[in-house]
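Sharing a structure, written as structure tokens. Questions coming.
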Amino acid sequence: MSVEEYVAETQASWATYLKIENPPAVEVIRFVDTDEVTLVFRECMGEKGFPTDPGGGINVPLEQQEPFELAQYICRSSYLVKQEYAKAPGPEQVAIQYDWTVQFVIPCLEESGQHIPEPPSRAEFIDQWDSAPYWPFKHVVVANENFNEQWDALELKCVQSAPGAVLWGEMTIDEWVAQRSM
Amino acid sequence: MKNTLVVFCATFLSIGLLASPASAAGSTSGWKECGANQRIAISSSTALGGVSSSIFSVGHQVLGGNNFNWTTAGFHKAKHNKIQGNWAISTNGTLNSGGASCE
């Protein structure tokens with residue numbers, strides 16, 4: 001599939017999902033990795049009049065629902081995930097997600113003061129992936145006060161889903177961590 | 001009777017809007033009422049399923065309140081600044097579990 005076809009197909013998928021009947025033409029500003037999408041999306045939504053609060057939420061008054069959906073369409077269409085990562089994951093990616101979970105996510109959460117019970121074995125993790133995926137964030141406990149701020153900070157720090165570059169074999173977990181801390 | 005109809009229509013319209021996007025591969029919604037000292041919390045567990053990461057999104061919303069969106073699959077949770085209301089979770093991935101609670 002050419003880049004042009006990928007862009008057209010992905011933007012059409014967003015229009016369908018967000019129920020945008022006559023989607024405007026949107027030029028891609030940048031192709032990004034999966035772990036970058038949240039930040040560029042928030043920045044873009046702020047530029048469209050929907051700023052993200054410190055807890056990761058966007059206030060959407062009832063009468064702003066349609067403009068909100070349109071802004072989402074424009075922002076998701078402006079920053080597409082790199083085409084080489086835009087594939088449905090297979091068994092190999094589930095195994096990499098397991099490594100990501102035990103080598104990066106759980107240590108990251110524990111360094112942040114969370115206690116995460118013993119994770120499932122690799123075989124159990126893979127077996128359960130389609131029906132009941134294991135996410136250590138299910139065990140995260142944060143105080144009621146500033147709950148959203150604390151939760152969002154953990155989500156940004158301890159990225160739950162392996163980034164595309166790791167998932168699709170472009171770099172190891174260690175290389176990704178090293179690159180991130182640069 | 002007229003008032004009842006207006007309330008019903010408003011509720012129906014609200015749920016329709018809240019459930020948007022209706023084409024979500026996974027969605028669930030309902031009404032939640034909490035005690036005076038509590039707020040609605042929504043949590044969900046999602047997976048990419050068969051979709052590409054380029055078109056993944058999961059959103060939590062309480063009508064007329066804050067909307068939380070995540071761009072990758074996972075276990076996500078947020079507390080909403082509402083004591084009661086229509087809530088919804090929608091995703092174009094796979095929704096494995098999700099719901100609202102009072103916390």
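How many residues are open to solvent by less than 60 Å² (accessible area, probe 1.4 Å) and either of a type in the set (A, V, I, L, M, F, W, C) or not assigned by TED's automatic domain parsing to the domain that holds A:L109 (or both) when one looks only at segment A:129-167?
17
When you look at A:V40, is it within 29 Å of B:K79 (Cα to Cα) and either away from chain B (no Cβ under 11 Å) or surrounded by 14 or more Cβ atoms within 10 Å (Cβ to Cβ) (or both), yes or no?
Criteria met by A:V40.
Determine whether segment A:54-66 contains at least one residue that is touching a residue at least 60 places away in the same chain (Cβ under 8 Å) and surrounded by fewer than 16 Cβ atoms within 10 Å (Cβ to Cβ).
So far as segment A:54-66 goes, yes, one or more of its residues are touching a residue at least 60 places away in the same chain (Cβ under 8 Å) and surrounded by fewer than 16 Cβ atoms within 10 Å (Cβ to Cβ).
Further, regarding this structure: Could you say whether any residue in segment A:56-76 is of a type in the set (S, T, N, Q) and out of contact with any strand residue (DSSP E or B) (no Cβ under 8 Å at 6 or more places or on another chain)?
yes
Taking segment A:142-182 as the region of interest, how many residues are among the acidic types (D, E), away from chain B (no Cβ under 13 Å) and not in a loop (DSSP other than H, G, I, E, B)?
Going through segment A:142-182 one residue at a time, the tally reaches 2.
Another one. State whether one or more residues within segment A:71-81 are in the same structural domain as A:P24 (by TED's automatic domain parsing), of a type in the set (V, I, T) and over 26 Å from B:R39 (Cα atoms).
Scanning segment A:71-81 turns up at least one residue that is in the same structural domain as A:P24 (by TED's automatic domain parsing), of a type in the set (V, I, T) and over 26 Å from B:R39 (Cα atoms).
Turning to a different aspect of this structure: Determine whether segment A:68-78 contains at least one residue that is closer than 16 Å to B:N67 by Cα and open to solvent by 30 Å² or more (accessible area, probe 1.4 Å).
Yes, the conditions are met somewhere in segment A:68-78.
Residues that are crowded, with 23+ Cβ neighbours inside 10 Å: find the strands (runs of 3 or more DSSP E) completely inside segment B:25-103 holding 1 or more of those.
Passing ranges, in order: B:40-47, B:58-62, B:66-70, B:75-79, B:84-91, B:94-102.
Moving to a separate point now. Can you tell me which of (1) open to solvent by less than 40 Å² (accessible area, probe 1.4 Å); (2) of a type in the set (D, E, K, R); (3) over 16 Å from the mean Cα position of the chain (by Cα) is the one A:E175 doesn't meet?
For A:E175, the failing item is (1).
Let me ask something additional. Going through segment A:9-26 one residue at a time, which ones are out of contact with any Ser or Thr (no Cβ under 6 Å at 6 or more places or on another chain), open to solvent by 30 Å² or more (accessible area, probe 1.4 Å) and either outside the structural domain of A:Y73 (by TED's automatic domain parsing) or assigned to a helix (DSSP H, G or I) (or both)?
Matches in segment A:9-26: A:E9, A:A12, A:S13.
The values are calculated or read from the model by the stated rules, or taken from the named source; none is laboratory data. On a predicted model such as this, the values are computed, not experimentally measured, just so you know. Neighbour counts run over all protein chains shown; Cβ positions are idealised from the backbone, glycine included. Keep in mind that these areas ignore ligands, DNA and RNA; they rest on the heavy atoms of the full protein, side chains included. Shrake-Rupley method; radii C 1.70, N 1.55, O 1.52, S 1.80 Å.
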